[in-house]
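Structure, as structure tokens:
Readers should treat all values here as calculations from the given coordinates under stated rules, not as data from a laboratory. Computed from a prediction, not measured in an experiment: that's the story for all the values here. Cβ atoms come from the backbone with ideal geometry, glycine included; neighbour counts cover every protein chain shown.
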Amino acid sequence: MSNIKNAFKNGKAFIGFVTGGDPTIEKTKEFVLEMIRAGADLVEIGIPFSDPIAEGPVIQEANNRALAAGATVEKLFGLVSGLRKETAVPLVFLTYLNPVFHYGYDAFFKKASDVGLDGIIIPDLPFEEQAPVKEAAGKHGVDLISLIAPTSQARIKEIAKTASGFIYLVSSMGVTGIRSEITTDLSVITQAIKSVTALPVAIGFGIHTPDQAAQMSRIADGVIVGSAIVKIAAEHGKEAAPHIYRYVKEMKDALIK
């Protein structure tokens, strides 16, 4: 299977997200390597899609910029292949079902395995319909990472039992984006997950300050930050790398050891 477990072997994991191809594929590679240099334990790379229903304005706009710049699934496979020559840190795609379906499940995950991708997150894939995707991913050693939302409480154990890689615990309802406050009782949900699986749990959606990162790392095994990093990329464009490095280092350093 993948090496996602290595992201959590040295304590609390910082997981960063970047939209592939924003502003260019080459710059995405630079951003990912800077995140890793700053301490990121796993990096999610978003495959840009025209209708990213789980995303707020920041990542929606990044998707549009990446698509306008010519980002494609094939180019992002090339990005992962290039990154694998420079880092062993786990890499995960975040995408929607449509690009995977059109590529063909078996062909997509064979290619993913060939280039060294460790896992995939598909927010619009219903749990009840994941069997063919999970089978194809598992066949090629790619983890299909399950999301558990606050509304999933009645199904937490069912979802967690069949999960792989890590559990992506969504902090609050709605789309991705920076939140000033996270009020969901995540400790209760985390305990329910851990009662049925030994997989690590990472919390995402809305986390953007060191204080929030510290708070979430007390509850979970990892913290996921996306919109705040993508916003830095939007603000600084091709010159964003040092700004991303500083931000990721600050967030990583804030995690409870």
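Starting from residues that are more than 21 Å from Glu129 (Cα to Cα) and free of Cβ contacts under 8 Å to residues at least 12 places away in the same chain, keep the ones in region 73-111 and report whichever is nearest to the chain's Cα centre (by Cα). Among those that are more than 21 Å from Glu129 (Cα to Cα) and free of Cβ contacts under 8 Å to residues at least 12 places away in the same chain, it is Glu74. Total residues in region 61-84 satisfying the condition of being touching a Pro at 6+ places or on another chain (Cβ under 6 Å) and buried (at least 22 other Cβ atoms within 10 Å of the Cβ): the figure is 3.
Filtered by the rule that a residue be without any contact (Cβ under 8 Å) to a residue 12 or more places away in the chain and either closer than 15 Å to Ile207 by Cβ or in a helix (DSSP H, G or I) (or both), region 6-56 gives a lone residue, Glu26.
Do we have Ala198 as in a loop (DSSP other than H, G, I, E, B) and surrounded by fewer than 20 Cβ atoms within 10 Å (Cβ to Cβ) here? Answer is yes for this residue.
When the residues of region 205-224 are narrowed to those that are hydrophobic (A, V, I, L, M, F, W, C) and more than 16 Å from Leu147 (Cβ to Cβ), which ends up surrounded by the fewest Cβ atoms within 10 Å (Cβ to Cβ)? Applying the filter and picking the extreme gives Ala214. With the structure loaded, tell me whether Glu158 is part of a loop (DSSP other than H, G, I, E, B) and either surrounded by fewer than 16 Cβ atoms within 10 Å (Cβ to Cβ) or among the aromatic types (Phe, Trp, Tyr) (or both) or whether it fails that test. No.
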